[in-house]
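The values are calculated or read from the model by the stated rules, or taken from the named source; none is laboratory data. Quick caveat: nothing in here was measured; it's all calculated off a predicted structure. A quick note on method: Cβ atoms are made from the backbone with ideal geometry, for glycine too, and the neighbour counts reach across all protein chains shown.
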Amino acid sequence: MSGQIKALKAELIKNKYSNILWVTFIAFSLAPIMGGVFMLIMRNPEAMSKAGGLSAKAQVINFSASWNSYFGILTQAIGVGGILVFGFVASWIFGREYSEGTAKDLLSLPTSRTKILNAKFIVYIIWCFALTISNLLIGLLIGTILQLPSMDMNLISGSLKNYLATTVMTILIGTPIAFFAIWGKGYLAPLGFVALTLVFAQIIAATGYGYYFPWSVPGLFSGAGGEYKSKLNLISYSILLLTSIVGYLATVTFWKYADQTK
Amino acid sequence: MIRMLLGMIKPDNGSATLFGRQLNPQFNLWNDIGYLVETPYSYPNLSVVENLKVYYNLRQLKNPNLIEDIIDKLKLTKYKDKKAKVLSLGNQQRLGLAKALMHRPKLLILDEPINGLDPKGIVEVRELLKELADTGSTIFLSSHILGEISKVANRIGIIHEGKLIKELTTAELTSQLIKEVVVETNDNKSALKYLTDFNHHAILNANNEIKISDDAAIAHPENISKLLVEKNLPPKQVYLFTEDLEMYFLRTIRSN
């Protein structure tokens, strides 16, 4: 256990001055800002008529200027945008050792390779949670500034639960990215994989079978697929969980047993 | 082979053992080993101290002085708060060595440890390695800079096309290196004749120099000068040539 804590400490030191850290926070904060713009337009009928396409889009997805709609946007940002941003985070955490050339220095140490990877997964989880909390806080701030109608506590607690559940699912589905980073020895393979899952998540969700495609599940759950959310069932969540476990085990096993030539 | 010793790659066949223990994922004597494989890389955004802290934690060390000690020993004190990305190649190499040496390993495995070092740095690393060896550590070093190897090694192995073709101590190497007395006079042909008459094993080489390879001549080159002076053929030059490790290496791999 102390080995695991030391591994985590080492991993945290490594990320101390990562520019990527701030880049992900700034990129992810676009969601509450865009959501705020939506809210602003929804509230102002005059602006709405001018905004044309944007307002049409806002109306189609059934929005009103309320806390509930706003949280809905934030949740969808995680279910859809999170796949991209969390994928970016995982690609960085696991791929950096190869692009920085330090991978070989992590292999023959008293701290086992599994513990080093676990530390990376823990940092990944902390990072992603920090991103979602930051978005929530920015959202609260913007919502307050926009003076959205007072909160209905029941509705809000439901929204928050959805927000949290979407976050957990989106984090879980990131484990295969770690495998691609280690297998591809760098960023390229995992980022390619993220792009691919994103495309497939859209296509498959559009065909109506998204509830069986694990990368579509967080998006559908967040409400980004409208009525398809009701199609999610135990099998959908089981496939997601299974993919996550397989991703984790593949990463650990591969790093432990494969030849390391870079 | 170095990667095999570090458990990074598996041997095609057979097995590798370190300290009498087989190298497999359960091997756990890694704190007895320090290593530097090829170009040393560090986390570019971290300072020298922070880079060492990463490995301090991963090696689960318990003496915080180790970091300061190694920084001091490798003369990185001036740069300790500088980010690794702004270090010169030589200082990056020092940082790599610091990572390998921080925990005072019993066995140090180094692959090309003096790559990129300036002449002063090379001498410093050499001294450091000698010091470490004197305190009882074993150093396993691979390099293509054979002159450097011959200055530090007690035991040398020559690997050619993946096979160990020779392994010998420095003393054995010294006895196997070709030694010759090289002589030049105004009349090499006559000189050659006289030397042969005096039972010296002498030949004329392509550069029109006389090479004498018998033990008596090598032990006492001054006798050769004396002999030639007596015959009125005073030598323009006499010197004792000793083959270096590089020539020995080439001769060895060619004969294989």
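Just to be sure before I move on: is B:Leu29 touching a helix residue (DSSP H, G or I) at 6+ places or on another chain (Cβ under 9 Å) and over 22 Å from A:Glu97 (Cβ atoms) in the structure I sent? No, not satisfied.
Condition check for B:Ser137 on (1) modelled with pLDDT of 90 or more; (2) surrounded by fewer than 19 Cβ atoms within 10 Å (Cβ to Cβ): one failure, at (1). Selection of strands (runs of 3 or more DSSP E) fully inside region B:187-256 by the criterion of at least 1 residues being under 38 Å from the mean Cα position of the chain (by Cα) and free of Cβ contacts under 8 Å to residues at least 12 places away in the same chain returns B:202-204.
Within region A:85-109, track down each residue that is polar (S, T, N, Q) and either within 18 Å of A:Ala7 (Cα to Cα) or surrounded by 20 or more Cβ atoms within 10 Å (Cβ to Cβ) (or both).
Initial filter on region A:85-109 (polar (S, T, N, Q)): A:91, A:99, A:102, A:108.
The answer is A:Ser91, A:Thr102, A:Ser108.
Inspect region B:120-138 for any residue being in contact with a Leu (Cβ under 8 Å, 6 or more places away or on another chain) and either farther than 25 Å from B:Asp32 by Cα or part of a strand (DSSP E or B) (or both) and give the result as yes or no. Yes, region B:120-138 contains at least one residue that is in contact with a Leu (Cβ under 8 Å, 6 or more places away or on another chain) and either farther than 25 Å from B:Asp32 by Cα or part of a strand (DSSP E or B) (or both). Counting only residues that are more than 8 Å from chain A (Cβ to nearest Cβ) and in contact with a Phe, Trp or Tyr (Cβ under 8 Å, 6 or more places away or on another chain), region B:42-63 holds 2 of them. Scanning region B:140-164 for residues that are assigned to a helix (DSSP H, G or I) and either of a type in the set (D, E, K, R) or exposed (fewer than 15 other Cβ atoms within 10 Å of the Cβ) (or both) turns up B:Gly147, B:Glu148, B:Lys151.
The set of residues from region A:208-262 being without any contact (Cβ under 8 Å) to a residue 60 or more places away in the chain, away from chain B (no Cβ under 14 Å) and of a type in the set (S, T, N, Q) comprises A:Ser216, A:Ser230, A:Asn233, A:Ser236, A:Ser238.
Counting only residues that are hydroxyl-bearing (Ser, Thr, Tyr), give me the helices (runs of 4 or more DSSP H) lying completely in region A:175-262 with at least 2 of them. Reasoning before the result, please.
Working: elements: A:175-184, A:188-207, A:217-222, A:234-257.
Counting at least 2 such residues, we get A:188-207, A:234-257.
Among the residues of region A:66-78, is any modelled with pLDDT under 75 and of a type in the set (Gly, Ala, Ser)? Steps first, answer last, please.
Within region A:66-78, the first condition is being modelled with pLDDT under 75, and the residues that meet it are none.
Among the residues of region A:66-78, not one is modelled with pLDDT under 75 and of a type in the set (Gly, Ala, Ser), which makes the answer no.
Checked against (1) on the phi > 0 side of the Ramachandran plot; (2) part of a helix (DSSP H, G or I), B:Asp72 passes all but condition (1). B:Leu76 versus (1) crowded, with 19+ Cβ neighbours inside 10 Å; (2) more than 24 Å from A:Leu8 (Cα to Cα); (3) within 7 Å of chain A (Cβ to nearest Cβ): which is the lone unmet condition? All conditions are met except number (3). Here B:Pro105, B:Pro25 are screened, and the one residue that is surrounded by 19 or more Cβ atoms within 10 Å (Cβ to Cβ) and in a loop (DSSP other than H, G, I, E, B) is B:Pro105. Look at A:Ile156 and say whether it is under 28 Å from B:Tyr41 (Cβ atoms) and more than 9 Å from chain B (Cβ to nearest Cβ). Considered against the rule, which asks whether it is under 28 Å from B:Tyr41 (Cβ atoms) and more than 9 Å from chain B (Cβ to nearest Cβ), A:Ile156 comes out as no. Counting only residues that are in contact with a Ser or Thr (Cβ under 8 Å, 6 or more places away or on another chain), closer than 17 Å to B:Arg251 by Cβ and of a type outside the set (A, V, I, L, M), region B:174-211 holds 2 of them. Any residue at all in region B:83-95 that's touching a residue at least 60 places away in the same chain (Cβ under 8 Å), under 19 Å from the mean Cα position of the chain (by Cα) and within 14 Å of chain A (Cβ to nearest Cβ)? Among the residues of region B:83-95, not one is touching a residue at least 60 places away in the same chain (Cβ under 8 Å), under 19 Å from the mean Cα position of the chain (by Cα) and within 14 Å of chain A (Cβ to nearest Cβ), which makes the answer no. Scanning region B:229-238 for residues that are surrounded by 13 or more Cβ atoms within 10 Å (Cβ to Cβ) and touching a strand residue (DSSP E or B) at 6+ places or on another chain (Cβ under 9 Å) yields a count of 2.
If the condition is being at the interface with chain A (Cβ under 7 Å from one of its Cβ atoms) and either small (Gly, Ala, Ser) or more than 30 Å from B:Thr77 (Cα to Cα) (or both), then region B:4-41 contributes B:Gly7, B:Met8, B:Ile9, B:Lys10, B:Pro25, B:Asn28.
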